[in-house]
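Chemist: Just passing along the structure, written as structure tokens.
Just so you know, all these numbers are worked out from the coordinates, no wet-lab data involved. Owing to the predicted nature of the structure, the values given are computational and were not obtained by experimental measurement. Methodologically, a virtual Cβ is constructed for each residue, glycine included, from the backbone with ideal geometry; neighbour enumeration extends over all protein chains shown.
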Amino acid sequence: MFTTVLMIEKALSEADIETVTTLHGEEEVSFVVLMQPRGRQDELLRALDDVALGHLEQAMHERGEDEGATPADQALAHTLDRLRAAGAQAVGHVVADNPLGILRTVVEDTKADEVIVLAAPHFVEEFFHRDWASRARHRVGVPVLKLFAHDS
């Protein structure tokens, strides 16, 4: 069985589920999902990303889509249910602090074959190599694949 650690920041869309569950063809896949929703500390970076993407209205009015309406635990449960419905084994938890430290531990403990970081584009962080995928490549001894999440 192929084990993938999947880092996400919001519930996965159907397109995202299809992408990650079909990446390895017919091989059985097991997912360990680490979810860290982007918090208030990232508002400036999100606003800059929105400007870069041409979403000026969103940059002026921070959405707060993950605040209250869709708690991280519900989004994680929804993602795990979708992965299981697609035929994969899936477990996971919400990561409040130090996601990259936890990632390294999870990769070692599960003997994961790869890490997939599936998140919205964060151009400022990516430019300075401060995004999860860039930073994870220096911490884990397995391949790290970065995919951009689809809009729901």
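Chemist: Once amide H atoms are built 1.01 Å from N in the peptide plane, which residues 5 or more positions from ALA149, or in another chain, come under 5 Å H to H?
Modeler: So ALA149 has HN proximity to ALA119, ALA120.
Chemist: Would you grab the residues whose amide H sits under 5 Å from the one on ALA90? Only those 5+ places off in sequence or on another chain, please, with H modelled 1.01 Å from N.
Modeler: Here the answer is PHE31, since their amide H atoms fall under 5 Å of that of ALA90.
Chemist: Okay, next question. Would you mind putting 106-112, 2-8 in packing order, based on average other-beta-carbon counts within 10 Å, highest first?
Modeler: 2-8, 106-112
Chemist: Amide H neighbours of LEU6 under 5 Å, at least 5 residues apart or on other chains, H built in the peptide plane: list them.
Modeler: Amide H neighbours of LEU6: VAL32, VAL33, LEU34, ILE116.
Chemist: Which whole-Hz couplings ³J(HN,Hα) result when phi for each residue of the stretch 7-21 is put into the Karplus expression 6.51 cos²θ - 1.76 cosθ + 1.60, θ = phi - 60°, listed in order with x for Gly and Pro?
Modeler: My calculation for the stretch 7-21 gives 9, 9, 10, 7, 4, 7, 7, 4, 5, 5, 4, 4, 4, 6, 7 Hz in order.
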